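Since the structure comes first, as structure tokens, the remarks are kept for the end.
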Amino acid sequence: MAAFAVSAVIDDTLLTALSSGEGPQIVAMPAERLPVYASKKALVNLDDFYAEDRSNTADLNTEAVAMETVDGSKYGVPAGFVPLSVFYDKDKLAAAGVTTFPTN
């Protein structure tokens, strides 16, 4: 049985591997892919793990944990959290009629 899979091959192989009983025990995948696999019951619900004091999850960034949550249940543990930044030229936006940065 494979022990680890990287996200580059997940969509092509994960469900097939799990169905055959040969799937990995740990999967690294982008959080946006979690709903696909959680809805197919391909991932283990980790709510009990998060509830254990020894899991050390209480100190995790809440926004990073939220990205690992699908329909109120946790299916992943964040390995990192990279906030995105946007750099823009206020003068050029103002010249185009944009006076505040869009938030949606």
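Any read-out appearing in this document is the output of simple, stated calculations on the displayed coordinates, not a laboratory observation. Everything numeric in this text was worked out from a predicted model, so none of it was measured. Cβ placement follows ideal geometry from the backbone for every residue including glycine, while neighbour counts extend to all protein chains displayed.
General remarks:
- DSSP loop chymotrypsin sites (Phe, Trp or Tyr not before Pro) with at most 14 other Cβ within 10 Å excluded, longest remaining stretch of the chain: 1-80
- In the chain, helices alone account for a calculated mean residue ellipticity at 222 nm of -8500 deg cm²/dmol, with every DSSP H run of four or more residues adding -39,500 (n - 2.57).
- Projecting the Cα positions of Phe101, Tyr75, Ser55 onto the charge dipole of the chain (unit charges on Cβ atoms of Lys, Arg, Asp and Glu, taken about the Cα centre) puts Phe101 furthest along the positive direction.
- Other residues within the sphere of radius under 13 Å centred on the Cβ of Gly97, judged by their own Cβ, net out at +1 (K and R +1, D and E -1).
- For Rg and Dmax of the Cα atoms in Å, calculated from these coordinates, the label among (1) 13.3, 44; (2) 14.0, 45; (3) 18.7, 59: (3)
- Computed over neighbours whose Cβ is under 14 Å from that of Glu52, the net charge equals -2, Lys and Arg +1, Asp and Glu -1.
- At most 11 other Cβ within 10 Å, DSSP loop - GluC sites (Glu not before Pro), segment 17-104: Glu22, Glu52
- Using C-alpha pairs below 8 Å separated by at least 6 residues, the relative contact order for the chain is 19 percent.
- Working from label points 7 Å from Cα in the Cα-to-Cβ sense, the Asp47 to Ala79 distance is 2.6 nm.
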